[in-house]
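What follows is one structure encoded as structure tokens, with my remarks underneath.
Bear in mind these aren't lab numbers, they're just calculated from the coordinates by the rules spelled out. This is a predicted model, so every value here is computed, not measured. No Cβ is skipped: glycine too gets one built from the backbone with ideal geometry, and neighbour counts run over all protein chains shown.
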Amino acid sequence: MTVQELPGAASYRPTPPPAWKPRTDPAPLLPDPEPYRVLGTGAVDGFAPELLRRLHAELVRGRRYNAQATALTKQGRLAVYPSSTGQEACQVAAALVLEERDWLFPSYRDTLAAVVRGLDPAAALTLLRGDWHTGYDPREHRIAPLCTPLATQLPHAVGLAHAARLKGDDVVALALVGDGGTSEGDFHEALNFAAVWQAPVVFLVQNNGFAISVPLAKQTAAPSLAHKAVGYGMPGRLVDGNDAPAVHQVLGEAMARARRGGGPTLVEAVTYRIDAHTNADDATRYRGDTEVAAWRDHDPVRILERELTGRGLLDEAGIRAAAEEAEAMAARLRERMNADAVLVPDDLFTQVYAEPTPQLRAQAEQLRAELAAEVEGDTR
Amino acid sequence: MTVQELPGAASYRPTPPPAWKPRTDPAPLLPDPEPYRVLGTGAVDGFAPELLRRLHAELVRGRRYNAQATALTKQGRLAVYPSSTGQEACQVAAALVLEERDWLFPSYRDTLAAVVRGLDPAAALTLLRGDWHTGYDPREHRIAPLCTPLATQLPHAVGLAHAARLKGDDVVALALVGDGGTSEGDFHEALNFAAVWQAPVVFLVQNNGFAISVPLAKQTAAPSLAHKAVGYGMPGRLVDGNDAPAVHQVLGEAMARARRGGGPTLVEAVTYRIDAHTNADDATRYRGDTEVAAWRDHDPVRILERELTGRGLLDEAGIRAAAEEAEAMAARLRERMNADAVLVPDDLFTQVYAEPTPQLRAQAEQLRAELAAEVEGDTR
Amino acid sequence: MSGATSRATGGTTATAVKPDRAARPATMAQALQRAMRDAMAEDPAVHVLGEDVGTLGGVFRVTDGLAKEFGEDRCTDTPLAEAGILGTAVGMAMYGLRPVVEMQFDAFAYPAFEQLISHVSRMRNRTRGAMPLPLVVRVPYGGGIGGVEHHSDSSEAYYMATPGLHVVTPATVEDAYGLLRAAIASDDPVVFLEPKRLYWSKSDWSPEAPAAVEPIGRAVVRRTGRSATLITYGPSVPVCLEAAEAARAEGWELEVVDLRSLVPFDDETVCASVRRTGRAVVVHESTGFGGPGGEIAARITEQCFHHLEAPVLRVAGFDIPYPPPMLERHHLPGVDRVLDAVARLQWEAEN
Amino acid sequence: MSGATSRATGGTTATAVKPDRAARPATMAQALQRAMRDAMAEDPAVHVLGEDVGTLGGVFRVTDGLAKEFGEDRCTDTPLAEAGILGTAVGMAMYGLRPVVEMQFDAFAYPAFEQLISHVSRMRNRTRGAMPLPLVVRVPYGGGIGGVEHHSDSSEAYYMATPGLHVVTPATVEDAYGLLRAAIASDDPVVFLEPKRLYWSKSDWSPEAPAAVEPIGRAVVRRTGRSATLITYGPSVPVCLEAAEAARAEGWELEVVDLRSLVPFDDETVCASVRRTGRAVVVHESTGFGGPGGEIAARITEQCFHHLEAPVLRVAGFDIPYPPPMLERHHLPGVDRVLDAVARLQWEAEN
Ligand SMILES: Cc1ncc(C[n+]2csc(CCOP(=O)(O)OP(=O)(O)O)c2C)c(N)n1
Ligand SMILES: Cc1ncc(C[n+]2csc(CCOP(=O)(O)OP(=O)(O)O)c2C)c(N)n1
Ligand SMILES: [Mg+2]
Ligand SMILES: [Mg+2]
């Protein structure tokens, strides 16, 4: 190519790259600069008193559940318990925004959300007591198994929501993940698939400040975790995770959006893990009392109770009733958990495949023979 | 807790979550709404004519390199060639912004960047001719091996940059990835580590519109790929990837920022893959001629040449000189590639470990014996 | 395996196709495509997803035409992220679909290992059968196609070491169809390994009269012989058949067993053959050390020790990363190496 | 393995510590900690990184005190992303550092498999030796600690099937120190498998007079005996020693070989023992099918066939996903199962 060939070279302005245009307007995707709050604001007026009281009762029950489960670890009745004390507003709201046909995708810390959704409180602890991994039928309850490998449940939620939409079913999936879990590649891939497919799924990040011992500052440099949404082309919402009505409202809006075909939303709930990571963890190694104390001041149960009593929506009798209901639940749970689980060794082999392979049948036979010999040895 | 215990319940406003504050101001992280351009704007005046002419000469050489390498696939001299025709502005600018001590992390499509950085044009094709995987010493050239598994080179770049900073060395790493590669989990994890560690690394996404046959619209719903930056807390920049001075400037600013301790930047260069994915691909199966034609109008070589000739910074002699230099390079490359590579079968075993295991020594012995028997068989 | 065949029978193809039962040359790639096509036509729950599987029809064209026939919702070009592909497929299967996932190449399945090991292989067991995952992961594997790095891995050892997966690999055009139909029909997750260098292998086959769907878990004797047994699968089956042919000149009648299914493993067929011949060589492309051959040789020895005239030998790839195209012929187990191994089966003892 | 020891010799510890060569009870976790501490003190290129390794000192406290002594730049709490941890460690090694990566549990190493297989194991080979990757991936593995799902996997088969990696696992407090020092000193990538249930096993050991750094690749005979050889490693070594003790009552003198290194494999020591005893049982926790035992049994048979009085038997975990804590004792190979296998070694033949 030479100069001669180029028409009007001096006045030439290059064509812009033909394909480029923003795919979505970024502005509406950005979260508010502050976590959204309801308690202590006029927004409380917009809530039905029944919902507020229901939230309160569930928070009280949830707090009790956490305490009871932690106590069960001390009695050796649970192998481990990752408590959600301090995060009950997220747990309760996540369960209550769901329609019956919707799906919940919990992590190991979200037993409580499963219980609030209706799962038997003892069944929800099956995994954590050292019994078989899922103590309930996920399809019956539309609760995926409590997931341990971090963020791996998120693509499942996307796939399920996408499948439901393809089938024409009105189903939304709500997937829970921690602040630490947002660093995993699966978080990224799941959110991207969800946005590209416009899948009816809502992601709730419970930012409780820590991934075991690692504080948020070592986990991310982002303005907030909700800001990650913009990179996928979905809206990001930031909410006070201890403000139960606020979480309920923000999640509810995201669910509604997903339900009407508006695609996924990323919600970051700012909260705090009051207990150690699990009963086996020693939180004093990595954080001080003052921080914990500051968060205790912003306790989800307490701030809702204050608001409701202050507004005359809840009286002493109501509070007592909630506490009693929680106590009864704890008593039933203790009783259930004090019974030894009965596990059948043969079950090791029955569900690896639809039908055991010849090799597994032989191994089951071997184990049966061993156990029979043991019994024989014992009787002799 | 009862109502009585709560002081001033009616006027209570909950404490805000104590730990929450944005970690960074999101506004400066957001990319411009339009890809940044230099050609056809007054910004050209800010560039040294030598740099502009150098860019032009390298673009011409690069275009020729792509054509020659593609021709070599037809002659069976290369196993495969993923051409960067149409993307030469990115390739050239990426190489030229680097100081000698900096590191380049290329993907399989970025042979040209390695060549512009100074790698022997034939050595750069070692992998693609079916010879050993890296035909050069990465440490000598500070060019990581051309990476095939998508986005997996990005954490390497972060780790290397981080290590250099820990050692107190003034080294910046520039890592290249495609639009498709941004969907991989490794992209996410690398950018997050980079931002948390404030590593001196720059990520350049060459958004060429396709991942093999998959168009950008099936890859992401984000406003732009540069918008992903905000979710990591690093600045995102959007640039016209066919405008060589613009790419050079934007990358240069990001490199300078990284060098002075300002941390990583994500740059999206909007460009287009003019050729098929590789010589083995048939692009007519997934895209039409009009789209390609529109992009040919915005060809990086042509728009720079027009601008320079229009401004009197380049004349016919200069254009001819660039073409001749490119032709000479192509001739040398042909010559080099027409010579058969000499590979030693024994090398299969020598570099698996620092020292071959006893097993590998035995296997090498076996192969030597087999080959000796073959030769014997042949001579007989 | 009743589960394996439960869905493959019954039902008619949705689109009427002219019946033409005459066998004519077809490639393995075509048979695989046809298997997916027929499964999709019969069962709306079958979905295909992966990188470039839609518009392009896959880089090996194995999914050619599926998006056109069934729409992009049934055959979907996904974003480029293998863990995401498999992870979303898990979710789809949880909702009752039967996803068929394509990994573009063996080495590009590695990002999906966590989903495969921690979820795909365990979901049924974890939920005590409440949530089976009927999904297929198709993985083109193996070398011999002149592919540059990461395009020629034999990764079957990883899958075999993961309980809860079926691992299947065809060696013939017929089996490609039959086994893929069985895999899609299975209520268990199946890793379906497709020998890349056999994609274009041809044989006479009629898409209208395909063989009955094979139950998963049965090996087949491809050639009978009394001297020794070659045990192999996938890309090495043609090598062993050629070796068996060549061995006749040396006076050996070699039996060739095509495993077809690595998991479940067909001890019965394999051991019956080895007990007959008394000698065995396991042949595969995968590295020897830690590769499938160790398991196979060990279990044969456990079960047939007193029938063995010689130790079970292995002919495998060297214990090295897959080499570059210019050297791969030295790495791949060929006819000569198989015959060398047969020669080392201690024939003197007999004479 | 000269490369394996090149850096471990020479140099003095940076911080003066009172020499105290008296042995006293130490746990394996302490010995591992000490190995990293001493390596970090000797060589500023050694960096430790992983989830919770800094402030907390790791969930098993194996990195306890390192961040305090060497600063957070030398012992770093990373973001929670295993591929990112290993991938950045690759980059650090490319720049000349010697990263020691901790994976928090066996099953949480799976997200890092692509980096491990496609890069860690191949970088030296790919660059023809120009870019070795001297890095260590520490993986707590195995069961028997009552861990819930994903906390008890035995994943060694995956690593063994990946050429380019060394795979090492200690069974004693002394070896924990010596082998980890050797691993950190190695110019090759080492997957260092730490038997979780031995973390708190104790023996008399002096951190001030540790045994010489072990070269990687040597098995050791832990107990001599003439009746049969038990071949094992890591968490199963104490089981086999106990079985050998119990076997005396039945009149068997069992030899116990602790492999210590799965890759490279010490054929010499193993085969010398089996040739002496004529009988062998391989014992490990990992699943039997596709597990390490197949390779081990197959290579012993190949090399010692005419010395074998019985087939090499395997005692392994069942071919199932690791079971829940309440059932794990049925899964784990214990003394009884080992003795049962010994009893099946065809003793009648001899009498
Ligand atoms: C893939 C993976 N890596 C590591 C772990 C071990 N682990 C369990 S919980 C946890 C911290 C998770 O933090 P976060 O996501 O913030 O959730 P939280 O525990 O605070 O609810 C870690 C590292 C795991 N479960 N999965
Ligand atoms: C992990 C992984 N998965 C799949 C592939 C196969 N593959 C090679 S190139 C390519 C498309 C890449 O697209 P993009 O990132 O946009 O880069 P481009 O080729 O356009 O430069 C794919 C899917 C791969 N190399 N690595
Ligand atoms: Mg957290
Ligand atoms: Mg692209």
Scoring chain B by relative contact order with C-alpha pairs under 8 Å, at least six apart, yields a percentage of 22
Between C:D43 and residues 5 or more places away or on another chain, the pairs with built amide H atoms under 5 Å apart involve none
If R0 = 22 Å, then B:A43 and B:A256, at their Cβ-Cβ distance, give a FRET efficiency to the nearest 0.05 of 0.85
Within 10 Å of the Cβ of an average residue in B:226-236, the count of other chain Cβ atoms is 6
Among residues of chain A, the one whose beta-carbon sits nearest the axis that rotates A onto B, given with its distance in integer Å, is A:G185, 1
Sorted by chain and number, the residues with a modelled amide H under 5 Å from that of D:L262, at a separation of 5 or more or across chains, are D:V167, D:V168, D:T169
Once normalised by the length of region C:21-205, the mean sequence separation of its alpha carbon contacts under 8 Å that are 6 or more apart gives a contact order in percent of 27
If R0 = 41 Å, then C:A212 and B:A280, at their Cβ-Cβ distance, give a FRET efficiency to the nearest 0.05 of 0.65
Ordered by fewest other Cβ atoms within 10 Å, a rough proxy for footprinting exposure, B:T126, C:T88 read B:T126, C:T88
The extension gain from D:Q346 to D:H307, computed as 0.36 nm times the residue separation minus the Cα-Cα distance, is 12.7 nm
antiparallel share of DSSP beta bridges within chain D, to nearest 5, in %, is 20
If labels are modelled 7 Å from Cα along the Cβ direction, B:E365 lies from its partners in the other copies at nm distances, smallest first, of 4.3
The helix A:49-74 Cα axis meets the longest alpha-carbon principal axis of chain A at an angle in degrees, between 0 and 90 and rounded to 10, of 50
Taking a ≥ b ≥ c as the square roots of the eigenvalues of the Cα gyration tensor, with a/c under 1.5 meaning rounded and otherwise prolate when a/b exceeds b/c and oblate if not, chain B is oblate
Heads up, region B:210-300 by the C-alpha gyration tensor (a ≥ b ≥ c square roots of eigenvalues; a/c under 1.5 rounded, else a/b over b/c prolate, else oblate) looks prolate
In this structure, among A:K167/C:K68; B:K74/B:K218; B:K228/C:K68; B:K74/C:K202, pairs with alpha-carbon gaps over 22 Å are B:K74/B:K218; B:K228/C:K68; B:K74/C:K202
Of C:E302, C:E51, C:E102, the most mobile residue in a GNM of chain C (C-alpha springs, cutoff 10 Å) is C:E302
Sorted shortest first, the nm distances from the A:A339 label point (7 Å along Cα→Cβ) to its counterparts in the other copies are 8.3
Given B:368-374, B:39-45, A:36-42, A:267-273, the highest-first ranking by average Cβ count within 10 Å works out to A:267-273, A:36-42, B:39-45, B:368-374
Where a ≥ b ≥ c are root eigenvalues of the Cα gyration tensor, a/c under 1.5 meaning rounded, otherwise prolate if a/b exceeds b/c and oblate otherwise, the protein assembly as shown counts as rounded
Computed, not fitted: 222 nm per-residue ellipticity of chain B from DSSP H runs ≥ 4 (each -39500 (n - 2.57)), nearest 500, equal to -13000 deg cm²/dmol
So, in nm and shortest first, the distances from A:T350 to its counterparts in the other copies, with label points 7 Å along Cα→Cβ, work out as 6.0
Ranked by GNM mean-square fluctuation in chain B (Cα springs under 10 Å), the top entry among B:A331, B:A27, B:A258 is B:A27
Under 5 Å from the placed amide H of D:R222, counting only residues 5+ away or on other chains, we find D:V256, D:V257, D:D258
Ranked by GNM mean-square fluctuation in chain B (Cα springs under 10 Å), the top entry among B:A362, B:A123, B:A276 is B:A362
Net charge near D:L259 (other residues with Cβ under 10 Å of its Cβ; Lys, Arg +1; Asp, Glu -1) is 0
Computed over chain C: longest principal axis from alpha-carbon atoms vs helix C:292-304 long axis, angle to nearest 10 degrees, is 60
By Cβ neighbour count within 10 Å, fewest first, A:W103, B:W197 rank B:W197, A:W103
Applied in sequence order to region C:74-81, the curve 6.51 cos²θ - 1.76 cosθ + 1.60 (Karplus, θ = phi - 60°) yields integer Hz couplings, x standing for Gly and Pro, of 9, 9, 10, 6, 8, x, 8, 6
Percent antiparallel among DSSP beta bridges confined to the protein assembly as shown, rounded to 5, stands at 15
Across A:126-134, the residue-averaged tally of Cβ atoms belonging to other chains within 10 Å stands at 6
For D:E328, B:E140, A:E325, ascending order of other Cβ atoms within 10 Å (fewest first) is B:E140, A:E325, D:E328
As a percent rounded to 5, the proportion of antiparallel DSSP bridges among beta bridges in region C:220-350 is 20
Restricting to Cα pairs under 8 Å and 6 or more apart, the percent relative contact order of chain C works out to 17
Between the Cα axis of helix A:244-259 and the main Cα principal axis of chain A, the angle (0 to 90°, nearest 10) is 60
